[in-house]
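Read the structure below first, then the notes.
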Amino acid sequence: MTTGGVRLLTTTVILALTGGWGAPTAPAAVQASSVSFTSVVPAPVVTAPASGVTHQITATTTIYTEPGSPAAAQIAGQLAALLRRSTGYTLPVVDAPSTTPTDGIALLLSGAPPAAGSEGYQLDVSAPSIAVRANQPAGLFAGVQTLRQLLPPAAESATAQPGPWEIAAGHILDYPRFSHRGAMLDVARHFLPVPVVERYIDEIALYKVNRLHLHLSDDQGWRIAVNSWPNLAVYGGSTQVGGGTGGYYTQDEYRQIVAYAAARYVMIIPEIDMPGHTNAALASYADLNCDGVAPKLYTGTRVGFSSLCVSKELTYTFLDQVLGEIAGLTPGAYLHIGGDEASSTTATDYSTFMNRAQQIVAAHGKTVVGWHDVVHAPALPSTVAQYWGTTTADAAVATAAQNGTKIIMSPANRAYLDMKYNSRTKLGQRWAGFIDVQDAYGWDPGAYLSGVGETSVLGVEAPLWTETIQSLADVEYMAFPRLPAIAELGWSPASTHDWTSFNQRLGAQGPRWRVMAINYYHSTQVSWPTGA
Ligand code: NGO
């Protein structure tokens, strides 16, 4: 593509940090033709650019896919659909021939090195062809996300653009550091409808996030239909923070979210928070309360005032039926049972309750995840604890880790996407501190919490709580650019960790987000290219 008659070779021209990002600028970097081969987020394990060589996608490009693999064909179809919109080309998807194609884009389930594992891939871009090779479909999907980032940002456009569609040539070998690379949406404080969740899945998948944890219940709302306890959604889901009408997912809608995520190699982890954070359930069924009296629905933002009734047997029938239905709807291995801030439950009751809740989850064939408070109750060996503290030392979590408990790292002062960027941020909270991009990026999940080493860490997760968040635009503003920072910590080897490199690669995403109409925060810490 030409900009004012000058063909730009790369988008890696970085604006000096002179506060000039908001100023009117001449040619937008979004029109640049070829993106640097080293601008991928998360950073790949091995990146070897072939200098001076480019590949061009043209009107005659074919997408070849692994013969006999419906999963590969689906991924090829996703890539074709994206590129047909923006290039206007036909881009037929056909079975690859028995010898490796010498033209076009090939998505192959053969020829990847064992090091690529089940989620990694090898990408080779040369002048005549592009090949993504993986051992498993998840790796092909990941490789395609990398390829998308190497294309000009206009490739993400929903309408046909003029091109040309050049990609810098080179070789990438890539695989993840951690198996759990998560994002969380709190759909309880403010309900977020299915299209918002699906769009967020698209956005996180581009950064190789492979888990979406849905916080489906809290004091202010119950967000999933449960056939055996229908009032939970119908009544308990009828409001939200600030008193809006709330909402809930029908079981079909939840299945739709699960399937949408699965097609993008994202596992849904549903959370029913307990024994605290349960006012919506307690308001829906008087019998769940120790005194038999249902509290009113709650639309404020206090925490720690509600508790399921630990001494009533009905509570465990409730858990068994609710968790049983949700387990049945969820193909993923995990059920999250919260367990945080149970300040209205005594320590003994908390232990009794969490112990039984874990047995119930296990009986339904799922692995328990709990907020790290769960380590104060007897834990099943398989129970995973999600660390959300603000300190780098927690003796109980360290002891649990030393006894084999796996930890998901979500330190609130680093990974909470609901924290404000700074004092001028309108949305969000500040209880865990301000988090600008450099704070979100500047820690090592495998060496952050004392006594919790790399082998105890299942991965990272960036939670987005929604006390102040009400719309897709709000979600995007808080998630971008911090979510890609956490995604890189989850995927990339510690050896690639480098703020200067990350800053430039992150900045290169800005023009892409413009084209995708992602409402991102223009952090002054990031070296955005001209026009982003
Ligand atoms: C805490 C609390 C949530 C809040 C969130 C807000 C956890 C695990 N429990 O995190 O109820 O919504 O902070 O930042």
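The values are calculated or read from the model by the stated rules, or taken from the named source; none is laboratory data. Since this is a predicted model, take the numbers as computed values, not measurements. Here Cβ is always computed from backbone atoms with ideal geometry, including for glycine, and neighbour counts include all displayed protein chains.
Pairs meeting the criteria (first residue in region 252-281 and farther than 30 Å from ALA347 by Cβ and assigned by TED's automatic domain parsing to the domain that holds THR330, second residue buried (at least 24 other Cβ atoms within 10 Å of the Cβ) and of a type in the set (Lys, Arg), beta carbons under 7 Å, at least 6 apart or on different chains) are VAL266/ARG211; MET267/ARG211. Do the conditions hold for GLU203, that is, is it closer than 17 Å to VAL475 by Cα and surrounded by fewer than 19 Cβ atoms within 10 Å (Cβ to Cβ)? Here the answer is no, as GLU203 does not meet what is asked. Inspect region 394-402 for any residue being under 23 Å from HIS213 (Cβ atoms) and polar (S, T, N, Q) and give the result as yes or no. The answer is no; no qualifying residue exists.
Residues that are surrounded by fewer than 21 Cβ atoms within 10 Å (Cβ to Cβ), more than 13 Å from the ligand (Cβ to nearest atom) and more than 22 Å from HIS336 (Cβ to Cβ) within region 400-433 comprise GLN402, ASN422, SER423, ARG424, THR425, LYS426, listed in sequence order.
Listed here are the residues, each with its yes/no results for (1) crowded, with 21+ Cβ neighbours inside 10 Å; (2) in a loop (DSSP other than H, G, I, E, B).
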residue: GLY328; (1), (2): no, no
residue: GLY365; (1), (2): no, yes
residue: VAL368; (1), (2): yes, no
residue: PRO381; (1), (2): no, yes
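Collect the residues in region 285-313 that are surrounded by fewer than 16 Cβ atoms within 10 Å (Cβ to Cβ), of a type in the set (Gly, Ala, Ser) and in a loop (DSSP other than H, G, I, E, B), keeping them in residue-number order. Those that are surrounded by fewer than 16 Cβ atoms within 10 Å (Cβ to Cβ), of a type in the set (Gly, Ala, Ser) and in a loop (DSSP other than H, G, I, E, B): GLY292, GLY300, GLY304, SER311. For region 291-308, the set of residues classified as of a type in the set (Lys, Arg) and away from the ligand (no atom under 16 Å from the Cβ) consists of LYS296 only.
For ALA532, the conditions (1) in the same structural domain as ILE204 (by TED's automatic domain parsing); (2) more than 30 Å from VAL241 (Cβ to Cβ) all hold with the exception of (1). Of the set (1) in contact (Cβ under 8 Å) with a residue 12 or more places away in the chain; (2) more than 16 Å from the ligand (Cβ to nearest atom); (3) over 28 Å from ILE75 (Cβ atoms), all apply to PRO230 but (1). Within region 232-279, the set of residues being buried (at least 24 other Cβ atoms within 10 Å of the Cβ), farther than 21 Å from SER471 by Cα and among the hydroxyl-bearing types (Ser, Thr, Tyr) comprises just one member, THR278. In region 407-432, the residues that are β-branched (Val, Ile, Thr) reach residues that are within 8 Å of the ligand (Cβ to nearest atom) with C-beta atoms within less than 6 angstrom, at least six apart or across chains, in these pairs: ILE408/GLN386.
Within region 333-342, is even one residue assigned to a loop (DSSP other than H, G, I, E, B) and more than 16 Å from the ligand (Cβ to nearest atom)?
Kept after step one, since they are assigned to a loop (DSSP other than H, G, I, E, B), are these residues of region 333-342: 333, 339-342.
If we keep only those that are more than 16 Å from the ligand (Cβ to nearest atom) as well, we get 333.
Checked region 333-342: at least one residue is assigned to a loop (DSSP other than H, G, I, E, B) and more than 16 Å from the ligand (Cβ to nearest atom).
A single member of ASP340, ASP320, ASP373 is over 25 Å from the mean Cα position of the chain (by Cα) and modelled with pLDDT of 95 or more, and it is ASP320. Scanning region 169-200 for residues that are away from the ligand (no atom under 16 Å from the Cβ), of a type in the set (Asp, Glu) and crowded, with 22+ Cβ neighbours inside 10 Å returns a single hit, ASP174.
Figure legend. Inter-residue proximity from region 324-346: first residues of a type in the set (D, E, K, R), second residues more than 16 Å from the ligand (Cβ to nearest atom), beta-carbon distance below 7 Å, spacing 6+ or different chains. Indicated pairs: GLU325/VAL226; GLU325/ASN227; GLU325/SER228.
Quick test for you: out of TRP388, TRP465, TRP443, pick the one residue that is of a type outside the set (Val, Ile, Thr), surrounded by fewer than 22 Cβ atoms within 10 Å (Cβ to Cβ) and within 16 Å of the ligand (Cβ to nearest atom). Don't jump to the end; show me each part of the working.
Values: TRP465 fails: surrounded by fewer than 22 Cβ atoms within 10 Å (Cβ to Cβ); TRP443 fails: within 16 Å of the ligand (Cβ to nearest atom).
From the options TRP388, TRP465, TRP443, the qualifying one is TRP388.
A Cβ distance below 6 Å, combined with a sequence gap of six or more or placement on separate chains, defines the contacts here; from region 50-74, residues that are within 21 Å of GLU166 (Cα to Cα) and in contact (Cβ under 8 Å) with a residue 60 or more places away in the chain reach residues that are buried (at least 19 other Cβ atoms within 10 Å of the Cβ) and among the acidic types (Asp, Glu) in the pairs THR54/GLU166; GLN56/GLU166.
Kindly indicate the residue of region 478-503 that is farther than 19 Å from ILE435 by Cα and in contact (Cβ under 8 Å) with a residue 24 or more places away in the chain and also surrounded by the most Cβ atoms within 10 Å (Cβ to Cβ) among those meeting that condition. Talk me through it step by step, then tell me what you get.
Residues of region 478-503 farther than 19 Å from ILE435 by Cα: 491-496, 501.
Checking the rest, the ones that are also in contact (Cβ under 8 Å) with a residue 24 or more places away in the chain come to 491-494, 496, 501.
Values: TRP491: 28, SER492: 23, PRO493: 15, ALA494: 12, THR496: 18, SER501: 13.
Residue satisfying both the conditions and the ranking: TRP491.
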